[in-house]
Every structure is written in C-alpha cells, then in structure tokens.
1. Inspect the stretch 31-53 for any residue being outside any loop (DSSP other than H, G, I, E, B), within 18 Å of Val142 (Cα to Cα), open to solvent by 90 Å² or more (accessible area, probe 1.4 Å) and not aromatic (Phe, Trp, Tyr) and give the result as yes or no.
2. Hey, can you tell me all the residues within the stretch 97-147 that are closer than 28 Å to Phe81 by Cβ and of a type outside the set (A, V, I, L, M)?
3. Filter the stretch 103-151 down to the residues that are farther than 15 Å from His44 by Cα and at pLDDT 90 or above, then identify the one that is surrounded by the most Cβ atoms within 10 Å (Cβ to Cβ).
4. Please find, within the stretch 39-70, the residue that is modelled with the lowest pLDDT out of those that are more than 20 Å from Val82 (Cβ to Cβ) and of a type in the set (S, T, N, Q).
5. Only one of Arg105, Arg92 is under 14 Å from Ile19 (Cα atoms) and among the basic types (Lys, Arg); which?
6. Against the conditions (1) at pLDDT 90 or above; (2) surrounded by fewer than 14 Cβ atoms within 10 Å (Cβ to Cβ); (3) more than 24 Å from Arg34 (Cα to Cα), where does Gly80 fall short? Just the number, please.
7. Met95 - would you say it is open to solvent by 80 Å² or more (accessible area, probe 1.4 Å), hydrophobic (A, V, I, L, M, F, W, C) and either touching a Gly at 6+ places or on another chain (Cβ under 9 Å) or under 30 Å from Ala14 (Cβ atoms) (or both)?
8. Just to check your reading of the model, which residue among Arg20, Arg92 is in a helix (DSSP H, G or I) and within 20 Å of Leu131 (Cα to Cα)?
Amino acid sequence: MPDSPHTNPELSQAQLETIRMLYPLFKNEVLRRREYMSRLSVFHNTILVFLIMIIAVVSPGHPDSTMRWLTISGVVILSGFVVYLILQQATRHRMAKQQLIELERGMGLYQEDWMFSGKTTYPKHWQTDWLSDRSVATYLTVLIVLTGLAIGAMLIRL
C-alpha cells in the first residue's frame with residue numbers, strides 16, 4: 001500500500017494505527033491532569049480563604065498556645081500535601097505531554113505540506129511552548145501566599 005502524502009513514510013501502517021489509537025488517550029490524559037491540578041489548587045485555596053475569614057470573624061479571643069500550634073501545624077501539613085499532589089500531577093502531565101508531542105510528530109502534524117501547502121498542521125512552536133508554562137508556579141505561589149495568610153491570621157487572632 002503506497003504511503004499517502006499525509007503520513008510519515010518511515011512508519012508502517014500498523015505503527016500509524018497504534019499512534020492513531022494512542023493519540024486521543026494521551027491528549028485526554030494531558031487535559032485531565034491539568035484540570036486536576038487546577039481543581040485541586042482552587043479547592044484548597046478556597047478552604048484557606050474560608051479559614052482566614054472564619055478566624056477573622058468568629059474565633060474566640062485567646063485560646064491556649066497548644067491549640068494555636070496544632071491548628072497551624074494542620075494547615076502546614078495540609079498545604080504541604082497539596083503541594084506534593086500538585087507537583088505529582090505536574091510531573092505526570094509533563095510526561096504525558098512529551099509523549100503526546102512524540103505521537104503528533106509520528107503522525108506528521110509538525111511536517112510541512114502534511115495537510116496545507118507550505119505550512120505545518122500544528123505550529124512548530126507548540127512542540128516547546130509547554131516548557132515555558134507557568135501555571136504550576138502560579139498554583140504553588142497562590143497556595144503558599146494563602147497558607148502564609150492563614151498562619152498569620154491564626155497567630156494574630158488565636
């Protein structure tokens with residue numbers, strides 16, 4: 001069977017079918033991991049904001065220092081665990097993204113003239129744009145700032 005102009009001539013038909021089967025799986029995995037990181041960050045940050053509001057509005061005057069340090073320790077442990085989960089998902093997202101790009105290359109999506117004369121189907125910079133993604137740094141920065149604010153509120157109010 002002759003190669004069509006839309007395929008990588010170095011790949012067999014079986015390899016192309018495997019790529020076509022795996023591509024949607026990896027594409028979905030990349031999107032699912034990013035969404036999970038985002039939801040995890042939003043959920044935990046919302047809890048921290050509510051905690052700050054509750055402390056500011058409803059907390060009693062001056063409980064003992066043991067309660068203060070137990071509460072602060074709980075916030076630090078929970079925030080540390082959320083940081084771990086975000087970093088774990090970021091690593092898995094990065095691995096899935098690398099594999100997705102390899103599949104896209106195998107399908108010829110970055111080759112000129114694959115679908116459009118003189119152009120690539122996907123812009124070539126898409127192969128590297130994800131390396132400069134700052135979303136994980138943003139998630140972690142907001143989480144750390146809110147954790148600090150919650151601890152500050154506990155130290156001042158409790």
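The values are calculated or read from the model by the stated rules, or taken from the named source; none is laboratory data. In this text the structure is predicted, and so the values were computed from the model without any measurement. No Cβ is skipped: glycine too gets one built from the backbone with ideal geometry, and neighbour counts run over all protein chains shown. Just the protein is used for accessible areas: all its heavy atoms, side chains included, with ligands, DNA and RNA removed. Shrake-Rupley method; radii C 1.70, N 1.55, O 1.52, S 1.80 Å.
1. The initial filter retains those residues of the stretch 31-53 that are outside any loop (DSSP other than H, G, I, E, B), namely 31-53.
Checking which are within 18 Å of Val142 (Cα to Cα) leaves us with 34-53.
Imposing the further condition that a residue be open to solvent by 90 Å² or more (accessible area, probe 1.4 Å) reduces the set to 36, 39, 43, 50, 53.
Those left that are additionally not aromatic (Phe, Trp, Tyr): 39, 53.
So far as the stretch 31-53 goes, yes, one or more of its residues are outside any loop (DSSP other than H, G, I, E, B), within 18 Å of Val142 (Cα to Cα), open to solvent by 90 Å² or more (accessible area, probe 1.4 Å) and not aromatic (Phe, Trp, Tyr).
2. If the condition is that a residue be closer than 28 Å to Phe81 by Cβ and of a type outside the set (A, V, I, L, M), then Lys97, Gln98, Gln99, Trp130, Ser132, Asp133, Arg134, Ser135, Thr138, Tyr139, Thr141, Thr147 are the ones that fit.
3. Let us first name the residues in the stretch 103-151 that are farther than 15 Å from His44 by Cα, namely 103-135, 137.
Retained after the next criterion (residues that are at pLDDT 90 or above): 134-135, 137.
On the way: Arg134: 8, Ser135: 14, Ala137: 10.
Among residues in the stretch 103-151 that are farther than 15 Å from His44 by Cα and at pLDDT 90 or above, the one surrounded by the most Cβ atoms within 10 Å (Cβ to Cβ) is Ser135.
4. Among them, the one singled out is Ser59.
5. The match here is Arg105.
6. In the conditions (1) at pLDDT 90 or above; (2) surrounded by fewer than 14 Cβ atoms within 10 Å (Cβ to Cβ); (3) more than 24 Å from Arg34 (Cα to Cα), Gly80 misses (3) alone.
7. Details: open to solvent by 80 Å² or more (accessible area, probe 1.4 Å): yes; hydrophobic (A, V, I, L, M, F, W, C): yes; either touching a Gly at 6+ places or on another chain (Cβ under 9 Å) or under 30 Å from Ala14 (Cβ atoms) (or both): yes.
Yes; evaluated as a whole, the condition is true for this residue.
8. Values: Arg20 fails: within 20 Å of Leu131 (Cα to Cα).
The match here is Arg92.
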